Structures are given as C-alpha cells and as structure tokens.
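Enquirer: This structure is in structure tokens; I'll ask about it shortly.
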Amino acid sequence: EKILQAQKNKPSYAKTHPDYYRQYRQINNEKLKAYYSNWRKNNKEMYTLRIQIWWWIKKQGISRKGRTEKLLGYTFEEFCTQIGKPLNGQHLDHKIPISWFNADTPIELVFSLDNLHYITGTENQTKSNLYAHDVPQEYKNKIKKHIKIKYQSKLWT
C-alpha cells in the first residue's frame with residue numbers, strides 16, 4: 001500500500017516535463033489527430049457520454065475533480081450493461097431533460113442510469129425538451145427536490 005500511495009503522489013512525467021510534451025504534440029499533430037479520430041469512431045458510445053458530461057460540467061461551472069466514473073457513480077461497463085449499445089442512428093437521450101433540473105443538481109442524478117436510454121434521432125429531435133419516457137418511481141423520489149418548479153407538475157401527474 002505504501003508503494004501504491006507513493007505512486008499516486010508522484011507527479012507524472014508530463015507535469016514535470018511540459019516542454020517535451022508541448023513539442024511532441026506540435027511535431028506529431030497529424031498522427032495524434034488520426035489516433036483520436038480513430039478512437040472516437042471505435043468508442044462512439046463512451047465518447048458521446050463523455051461529451052455530454054463535459055458539456056454539463058462546463059455549463060454548471062463545476063470544477064472537475066476526479067475520474068468520470070467517480071463523478072457518476074458507475075463505470076462505462078455498467079453503463080453498457082444497463083443502457084446497451086446504440087443501433088445505427090440512435091441518440092443518447094435523457095428521459096427527464098437536462099434543462100428540467102436545477103443548477104445545483106448533483107451530476108450523478110442528472111446522468112443516472114435510470115434517466116438515460118437510446119432513442120432514434122428523429123424521436124429525439126421531435127421530443128425536444130419534453131418528458132416522454134417513464135422513469136422508476138424510486139428515481140423520481142430522489143430527484144423531486146432537484147426539478148425546477150415549472151416542470152414538477154408535468155412529472156408528477
């Protein structure tokens with residue numbers, strides 16, 4: 001355990017040698033672009049989820065500390081097991097729209113596995129900011145105090 005703790009506390013090579021990494025990125029820019037483009041194609045579900053989470057964090061002005069799994073309370077493998085993988089043309093959708101939540105809502109409630117699912121792109125665009133897919137009662141009870149007042153009547157009818 002001492003060794004593991006020492007490794008965690010040890011600064012990374014990238015932090016101790018930032019000039020080397022800056023120069024490496026400049027020299028290998030095209031190679032890195034190709035690598036990340038390929039990664040996004042091969043990990044589309046993870047990339048989509050990460051972008052949505054990043055957008056939410058940025059919009060809320062939250063300082064991101066820690067790994068995404070720690071913020072959400074589940075791993076990407078758990079996400080894939082419960083939500084599945086999208087079929088062609090499907091979008092990751094929030095059953096209860098993000099805009100319905102108060103600004104101080106914890107991210108793990110907004111991106112809860114109970115609130116996420118895949119729907120067709122057409123249905124997602126048609127749905128817009130509406131609540132169209134049911135969520136478990138237990139989840140509703142958790143988020144009750146985090147829903148904006150103007151939307152509460154739509155959720156609990």
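The values are calculated or read from the model by the stated rules, or taken from the named source; none is laboratory data. Note that the structure is a prediction, hence the values are computed from the model and not measured. Glycine gets a Cβ as well: all are built from the backbone with ideal geometry, and neighbour counts include every protein chain shown. SASA here: full protein model, heavy atoms, side chains in, ligands and nucleic acids out. Shrake-Rupley method; radii C 1.70, N 1.55, O 1.52, S 1.80 Å.
Enquirer: Would you point out the residue of region 78-95, among those that are within 15 Å of the chain's Cα centre (by Cα) and among the aliphatic types (A, V, I, L, M), that is surrounded by the fewest Cβ atoms within 10 Å (Cβ to Cβ)?
Expert: ILE83
Enquirer: Pairs only if they're at least six apart or on different chains, beta carbon under 9 angstrom, first in region 107-129 and closer than 24 Å to TYR74 by Cα and free of Cβ contacts under 8 Å to residues at least 12 places away in the same chain, second open to solvent by 10 Å² or more (accessible area, probe 1.4 Å) and in a helix (DSSP H, G or I); list them, first residue then second.
Expert: Listed by first residue and then by second, the contacts come to nothing, as the list is empty.
Enquirer: Quick check on region 105-122. Is at least one of its residues open to solvent by 50 Å² or more (accessible area, probe 1.4 Å), at pLDDT below 90 and out of contact with any Gly (no Cβ under 9 Å at 6 or more places or on another chain)?
Expert: no
Enquirer: Give all pairs with beta carbons closer than 7 Å in which a residue from region 131-157 that is under 24 Å from ILE119 (Cα atoms) and without any contact (Cβ under 8 Å) to a residue 24 or more places away in the chain meets a residue that is assigned to a helix (DSSP H, G or I) and open to solvent by less than 100 Å² (accessible area, probe 1.4 Å); count only pairs at least 6 apart in sequence or on separate chains.
Expert: Going by the 7 Å Cβ cut-off, the qualifying pairs are PRO136/ASP114; LYS140/LEU155.
Enquirer: Would you mind finding the one in LYS59, LYS85, LYS70 that is out of contact with any His (no Cβ under 6 Å at 6 or more places or on another chain), under 22 Å from ASP114 (Cβ atoms) and not in a helix (DSSP H, G or I)?
Expert: On inspection, the qualifying residue turns out to be LYS85.
Enquirer: So is GLU108 out of contact with any Pro (no Cβ under 6 Å at 6 or more places or on another chain), under 27 Å from LYS150 (Cα atoms) and part of a helix (DSSP H, G or I) or not?
Expert: Yes; evaluated as a whole, the condition is true for this residue.
Enquirer: Count, please, the residues in region 1-45 that happen to be under 30 Å from GLY84 (Cα atoms) and either in contact with a strand residue (DSSP E or B) (Cβ under 8 Å, 6 or more places away or on another chain) or not in a helix (DSSP H, G or I) (or both).
Expert: Number satisfying all stated conditions: 2.
Enquirer: Of everything in region 18-73 that's in contact (Cβ under 8 Å) with a residue 40 or more places away in the chain and either acidic (Asp, Glu) or in contact with a Ser or Thr (Cβ under 7 Å, 6 or more places away or on another chain) (or both), which residue is nearest to ALA103 (Cα to Cα)?
Expert: This residue is ILE53.
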